[in-house]
Amino acid sequence: MKLRNIFLIILTFCMGLPLNAQNNIKLVVGSYANETGKGIYSFDFNQSTGKATPLDTLEVSNPSFLTLSSDGAIIYAVSENSEDAASVHAITFDQATGRMKLRQSMPTNGADPCYVETNGNLLLTANYSGGSMSVFPLNIDGSLEPMSQQFKGHANGPDAQRQNMPHIHCTRFLPDGNGVLAIDFSADQLLRFELTDMKALGDQKVTAQLTKGSGPRHIAFSTDSRFVYVMSELSGAVTVYQYNFGKMKKIQEILSDEVGARGGADIHVSPDGRFLYTSNRLKNDGITIFKIANRTGLLTKVGYQHTGVHPRHFNITPNGRFLLCACRDSNVIQVFRINSATGLLTDTHQDISVDKASCVQFYPIVMQPDLNGDGVFRVIEVTK
């Protein structure tokens, strides 16, 4: 289907909705489930007021990361467990009520899966302790087929404690359709895989080499797909790459963590493409705010927002008004209001209580309001 047709369908859909229906979206939260926690939580979230209303819970073992299918009918969640218990789940999701039901589970054949990503045809898991990326074909109904491929990372980084064995930390489908990027944490590399067909990946190739000892962790793309931003855990730096049809050129490296905490975590670009946010753990926990230069994609630090303890993951509402931060060791999701002019954050003090919260996702695809004042409405995807 052509992009123009998709735009018209979503525009018609959104114009037909009452204002409160456009404001209310679904929030799905993953966690490190313990004795008191349930696992996965769903909420109604008002992206005008920042208020969350609980809907449902589902008991799943350590669903530390999750994502949703493009139609919102299925939640895919990993269980970050040791080898025998490491798995990925397909969970049916009722977008109207927030009800969840476990449908299917598959072993990842790699310990401690910590990331999951899908393009509708394939599902990928990054298995941290297993040092691998597992590939699962998807059936037309969204169900999982058994693992069809697995790719291993490398361990040749200089950090003898953290890079002494392979760790794949994140996998992302490239927004231009030119394959997959995977974080090879212990080799300080980005690996690229071409899509050989709709159900398989080609051999891995090193597409970018980061500074030795960086320990890259997560990836974000600019809204126009011209730049790739990589958050590194050990160095606490963001590395900026110019991207063009699968080729990457390093253009900047800038610190997010300036206290040497070695706890760089998550990274996201605001829906309007003007700001980039990164989270930092272990010392001086908080979120660094960068302004993105329009033409060059280069970053300038403009602020820092302190958070609760261990901001492992965060996400930005599709309308760009709020940033929700999963502070794992504070057992809350903090709700921050975003200043659309400066990118700075203000705590709304509307915390959402979730034991060991570790992942925040939204649904559905929505219309971004006219934030730029130019009368142009923009269709944006669910943030990951």
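The values are calculated or read from the model by the stated rules, or taken from the named source; none is laboratory data. None of the values given here were measured: they were computed from a predicted structure. Counting neighbours? That spans all protein chains shown, and the Cβs are built from the backbone with ideal geometry, glycine included.
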Restricting attention to the stretch 189-200, does a residue exist that is under 23 Å from residue 344 (Cβ atoms), of a type outside the set (Asp, Glu), at pLDDT 95 or above and in contact with a Gly (Cβ under 6 Å, 6 or more places away or on another chain)? no
Give the residue, chosen from 264, 286, that is within 15 Å of the chain's Cα centre (by Cα), closer than 26 Å to residue 161 by Cβ and among the small types (Gly, Ala, Ser). 264
Does the stretch 346-358 include one or more residues that are part of a loop (DSSP other than H, G, I, E, B), more than 23 Å from residue 289 (Cβ to Cβ), modelled with pLDDT of 50 or more and out of contact with any helix residue (DSSP H, G or I) (no Cβ under 7 Å at 6 or more places or on another chain)? yes
Counted residues in the stretch 192-229 being closer than 17 Å to residue 176 by Cβ and of a type outside the set (Ser, Thr, Tyr) come to 16
Residues (touching a Leu at 6+ places or on another chain (Cβ under 6 Å), part of a loop (DSSP other than H, G, I, E, B) and without any contact (Cβ under 8 Å) to a residue 60 or more places away in the chain) located in the stretch 58-101: none
Residue in the stretch 209-217 that is of a type in the set (D, E, K, R), more than 23 Å from residue 309 (Cα to Cα), at pLDDT 95 or above and in contact with an Asp or Glu (Cβ under 8 Å, 6 or more places away or on another chain) present: yes
Quick one: which residue in 303, 308 is in contact with a strand residue (DSSP E or B) (Cβ under 8 Å, 6 or more places away or on another chain), more than 17 Å from residue 218 (Cα to Cα) and not in a loop (DSSP other than H, G, I, E, B)? 303
I'd like to know if the stretch 2-20 contains one or more residues that are modelled with pLDDT under 95 and hydroxyl-bearing (Ser, Thr, Tyr). yes
Determine whether residue 136 is closer than 19 Å to residue 265 by Cα and in contact (Cβ under 8 Å) with a residue 12 or more places away in the chain. no
Using beta carbons and a limit of 6 Å, which pairs, at least six apart or on different chains, have the first residue in the stretch 315-327 and within 27 Å of residue 282 (Cβ to Cβ) and the second one part of a loop (DSSP other than H, G, I, E, B) and of a type in the set (A, V, I, L, M, F, W, C)? 327/309
Which of the residues spanning the stretch 153-171 are in contact with a strand residue (DSSP E or B) (Cβ under 7 Å, 6 or more places away or on another chain) and over 18 Å from residue 122 (Cβ atoms)? 153, 154, 166, 169
